[in-house]
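Note sheet for the following structure.
The values are calculated or read from the model by the stated rules, or taken from the named source; none is laboratory data. Only a predicted model underlies this, so the values are computations on that prediction, with no experimental measurement involved. Methodologically, a virtual Cβ is constructed for each residue, glycine included, from the backbone with ideal geometry; neighbour enumeration extends over all protein chains shown.
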């Protein structure tokens, strides 16, 4: 079993990039970030003038289970992604497993409560055994000569996937604001908070203006 990973690969631009993208409308340019520029950034965010925030970008290498990645991929505007393909890769896949299993929230159509199910360790063992069995079948299919693009059909949604993602600051702000909300699935909340922490260091003024910051990290 393995854990999720978030690695910053590259950053394009900074808070000043946002300022100069906005000021070009008046044929102006700032060389250093001044208090007036910080006020401009806040004004842009408060009034939903988002285009200047599309110019700064960040590139990450992300690793997460497929069931979370498919939720992550629902955010498409402002992102480019390239993912590992098991059509070409036939090394042993890795699987993600929770440390605990949460009860279904009876008051919600989706989501979970914070209560751990009865016999948590028993069912965690069942999940682990299922992952191991799926891997055995996968390897058996490959050994029998089945092509990787078909052999992969037996692998569960807990299988880890890995991808490189480039996104604008505006796109990441929207993703993180939505996915750090307490109503989002806990596992995706945790990843979104990690992205937020990284971007806050890279774009401190812009991120403070864009990210609501009223969600508690899990």
Might you let me know whether segment 36-45 holds any residue that is more than 30 Å from residue 25 (Cα to Cα), without any contact (Cβ under 8 Å) to a residue 40 or more places away in the chain and out of contact with any strand residue (DSSP E or B) (no Cβ under 7 Å at 6 or more places or on another chain)? no
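Please go through segment 71-82 and pick out each residue that is in contact with a helix residue (DSSP H, G or I) (Cβ under 8 Å, 6 or more places away or on another chain) and under 22 Å from residue 160 (Cα atoms).
Taking segment 71-82 as the starting set, the residues that turn out to be in contact with a helix residue (DSSP H, G or I) (Cβ under 8 Å, 6 or more places away or on another chain) are 71-72, 75, 77-79.
71, 72, 75, 79 - these are the residues of segment 71-82 that are in contact with a helix residue (DSSP H, G or I) (Cβ under 8 Å, 6 or more places away or on another chain) and under 22 Å from residue 160 (Cα atoms).
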Within segment 66-82, restricting to residues that are buried (at least 17 other Cβ atoms within 10 Å of the Cβ) and part of a loop (DSSP other than H, G, I, E, B), the one that is nearest to the chain's Cα centre (by Cα) is 75
Determine whether segment 183-198 contains at least one residue that is touching a helix residue (DSSP H, G or I) at 6+ places or on another chain (Cβ under 7 Å) and closer than 30 Å to residue 36 by Cβ. yes
Restricting to segment 84-96, count the residues that are modelled with pLDDT under 95 and touching a strand residue (DSSP E or B) at 6+ places or on another chain (Cβ under 9 Å). 1
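Can you name the residue in segment 83-96 that is in contact with a helix residue (DSSP H, G or I) (Cβ under 6 Å, 6 or more places away or on another chain) and more than 19 Å from residue 165 (Cβ to Cβ) and is also surrounded by the most Cβ atoms within 10 Å (Cβ to Cβ) among such residues?
Looking only at segment 83-96, we keep the residues that are in contact with a helix residue (DSSP H, G or I) (Cβ under 6 Å, 6 or more places away or on another chain), and these are 86-87, 90, 95.
Among the residues that remain, those that are also more than 19 Å from residue 165 (Cβ to Cβ) are: 87, 90, 95.
Numbers: 87: 11, 90: 16, 95: 22.
Among those that are in contact with a helix residue (DSSP H, G or I) (Cβ under 6 Å, 6 or more places away or on another chain) and more than 19 Å from residue 165 (Cβ to Cβ), it is 95.
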Which residues, taken from segment 190-214, are more than 17 Å from residue 46 (Cα to Cα), without any contact (Cβ under 8 Å) to a residue 40 or more places away in the chain and surrounded by fewer than 20 Cβ atoms within 10 Å (Cβ to Cβ)? 193, 197, 200, 201
Given the conditions (1) surrounded by 17 or more Cβ atoms within 10 Å (Cβ to Cβ); (2) not in a strand (DSSP E or B), which single one is not true for residue 63? (2)
Using the structure shown, decide if residue 58 is part of a helix (DSSP H, G or I) and touching a residue at least 40 places away in the same chain (Cβ under 8 Å). no
Within segment 98-118, can one find any residue that is touching a helix residue (DSSP H, G or I) at 6+ places or on another chain (Cβ under 9 Å) and under 19 Å from residue 5 (Cβ atoms)? yes
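If we scan segment 22-41, do we find a residue that is under 30 Å from residue 152 (Cβ atoms), out of contact with any helix residue (DSSP H, G or I) (no Cβ under 7 Å at 6 or more places or on another chain) and modelled with pLDDT under 95? Please lay out each step first, then the result.
Here is the first cut: in segment 22-41, the ones under 30 Å from residue 152 (Cβ atoms) are none.
Checked against the condition, which is being under 30 Å from residue 152 (Cβ atoms), out of contact with any helix residue (DSSP H, G or I) (no Cβ under 7 Å at 6 or more places or on another chain) and modelled with pLDDT under 95, segment 22-41 yields no hits at all.
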If you go through segment 1-44, how many residues are part of a loop (DSSP other than H, G, I, E, B) and more than 24 Å from the chain's Cα centre (by Cα)? 8
Please count how many residues of segment 107-163 are touching a residue at least 60 places away in the same chain (Cβ under 8 Å), surrounded by 13 or more Cβ atoms within 10 Å (Cβ to Cβ) and farther than 23 Å from residue 185 by Cβ. 3
